[in-house]
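One structure is given here, and the rest of the page talks about it.
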Amino acid sequence: MDGPPGKDAAAAADEVLMSALFGAAGAGVYAVDGEGMVIACNPCAERLLGYAPGTLMGVNAHRTLHPLQGDGSGLPAQRPILSDIALGNLASGDRAVLLRADGTALQVWWTAAPLPAAIGHGEGAVVVFHDVSAQREREERRAGRHAHSETLREQAEYDLAETAWLSELTLAMTSTLDADQALQRLTRQLVPRLADTALIDLADGLARRRVAGAHHASDVPSPGPLTNWQPLPDHPAHRAALERVLAGGRTQHLTAPLTPTAGTQADLFNVVEAQEALVVPLRLRATTFGVLTLTRAPASPPFNESDRALAEEVARRTSLGLDNTFLHAAQADIAATMQRALLTDLPTVPGLELAAHYQPAQHAAEVGGDWYDAFLLEDGDLAMVIGDVTGHDIQSASRMSELRNMLRALAVDRPEEDPGQILRRLDTAQARLTLADSATAILTRLHPAADGTWETSLSVAGHPPPLLLTADGDATYLTGARAMLLGVRPTAERPTTRTRLPRGATLLLYTDALVESRTQSIDTGMTRLRQHLVTHRHLPLPQLCTQLAHDLGDPRDDLTLIAARTPT
């Protein structure tokens, strides 16, 4: 008897479901019998293999779908799938090739399993396969994009490192106003980053001078200065390239053999084992400051266009730094010259020794407001002045000159007045004429007594007090007659004190840069000044002033001293 009707209906429904799933599968599926003949396939398998619907059925899969030895496809022969599953196990592969109907190869990954014996087709197999060419193309594109992004990232990191390195070079050139020191720092940073040897020659009129050099050898852990390059001659090709660049030529790339010829003296290139060299101008706005020479040894890669571009960028930044340094030096020289022109030649006074010293700021192109003055009055007395106008610019120097000349005029006009009265009139005049915003000053009048000694009357307007040194080494600050600086209360009374100067005494007037700086208080500075004056009291007066300025002066500010010494 036939089975129950319900079971037949369920079996039919399962067959319909399986057929639908078999046809809708996203992978190619075909089944072969024990002889390798295709007994079933889904539409996806026919589409992937290029067969019209129904034409794949009955095809011998082993002979038609798999490359065989000597079939002319050029593909490696493959074992029959049936042999791989003979033991009843699953088999798979990810690098298999199936032949399409037109003979082209289709790369697949596949899985095969034995057919159930109940089907009745012998020892057959069912094969499921996927086209991996599209997937591999996607993976290759993804790998290509990843490689491209890595290249961009590495390039960005290189550009960032190069920018940081160039910034360090710029800092080396701008952190000091000493050109030779800056260039020596620069050469140490160029080696071995850009070259094995770096040399810098500066133009010196029609000649040139080598101011910096650094060299790196393979057996030396860090670059060091070329201590022995000065007496060594230049290679003829290098010397000719230097002359061409200093005459306005462009970058020279020396690639010819740079070894010395037989019988000639060893040159610098021979010492540093230079295989090739770049000779780059240090030039800005048609002004050639000098030449940068970079060399590489045989063990290093040769210079390329990127190296040349980087070397020329280094030279451009170096030229900017040199231009700034030389401009600053020129301005400082002009400032010091102007300041000295505003100072007074000391008069000759019988019975007195006079000396003065002016020291400009070493690291600032500023004209200071410090000044000293000494001139004779009608009755033979000596007026001695020191002062400091607020500010460090051309305007302060101009106002200092006006104030100095006004003080001279007031003192000569009424020589009978004491220093306090003269400073009071000066304060009133400068307030009306706006000679200066504020200023400090000391006016002292030295008068010879009948017994050969000298007497001083002085008034202090906000200035550090005078220092009196006796012949036996007693140093005392004259702190009397102090009043506020000029420009605060023009009508205020200003006191005058009188002091007798013993024989062999030294009266010293100075500006604040001698006793005050950013690193010490004025009290400490005044103590040091008194000690130094006592220590060096045996020196001649001009040498004493120079010694005090050298030992105690703040190099960041200008200073002046003026001193008078009575006869012994």
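The values are calculated or read from the model by the stated rules, or taken from the named source; none is laboratory data. This one's a predicted model, so the numbers in the text were calculated from it and none came from an experiment. Virtual Cβ from ideal backbone geometry, glycine too; neighbours counted across all protein chains shown. For accessibility, only protein heavy atoms count, side chains too; no ligands or nucleic acids. Shrake-Rupley method; radii C 1.70, N 1.55, O 1.52, S 1.80 Å.
Counted residue by residue at 0.36 nm each, then reduced by the alpha carbon distance between them, the extension gain from residue 193 to residue 328 reaches 45.6 nm. Here the gap between residue 476 and residue 431, fully extended at 0.36 nm per residue and compared with their Cα-Cα distance, gives a gain of 12.9 nm. Taking Cα centre as origin and charging only the Cβ of basic (Lys, Arg, +1) and acidic (Asp, Glu, -1) residues, the dipole magnitude of the range 486-536 rounds to 240 debye.
Suppose R0 equals 56 Å; then what is the FRET efficiency for residue 162 and residue 412 from their Cβ-Cβ distance, rounded to the nearest 0.05? Here the calculated transfer efficiency is 0.25.
The orientation-averaged projection of the convex hull spanning the C-alpha atoms of the range 379-430 amounts to 3.7 square nanometres.
With a cut-off of 10 Å between beta carbons, the residues surrounding residue 501 carry a summed charge of +2, where Lys and Arg count +1 and Asp and Glu -1.
By accessible area, using a 1.4 Å probe on protein heavy atoms only, the range 509-568 has 49% of its surface on carbon and sulfur. Shown for the range 401-491: the carbon plus sulfur share of the solvent-accessible area, taken with all protein chains present and a 1.4 angstrom probe, equals 50%. Other residues with beta-carbon under 12 Å from the beta-carbon of residue 268 carry, at +1 per Lys or Arg and -1 per Asp or Glu, a net charge of -2. Take the range 460-533 with all the other protein chains still there, run a 1.4 Å probe, and you get 46 Å² of accessible area per residue. By the scheme Lys and Arg +1, Asp and Glu -1, what is the net charge of all other residues having a beta-carbon under 14 Å from that of residue 544? Overall, the nearby charge balance is +1.
A straight line joining the Cα centroids of the range 459-526 and the range 245-323 runs 59 Å.
Note on residue 477: accessible area approximately 30 square angstrom, rounded to 10, probe 1.4 Å, nucleic acids and ligands left out. Extension gain for the segment residue 390 to residue 92, taken as residue separation times 0.36 nm less the Cα-Cα distance, is 97.8 nm to one decimal.
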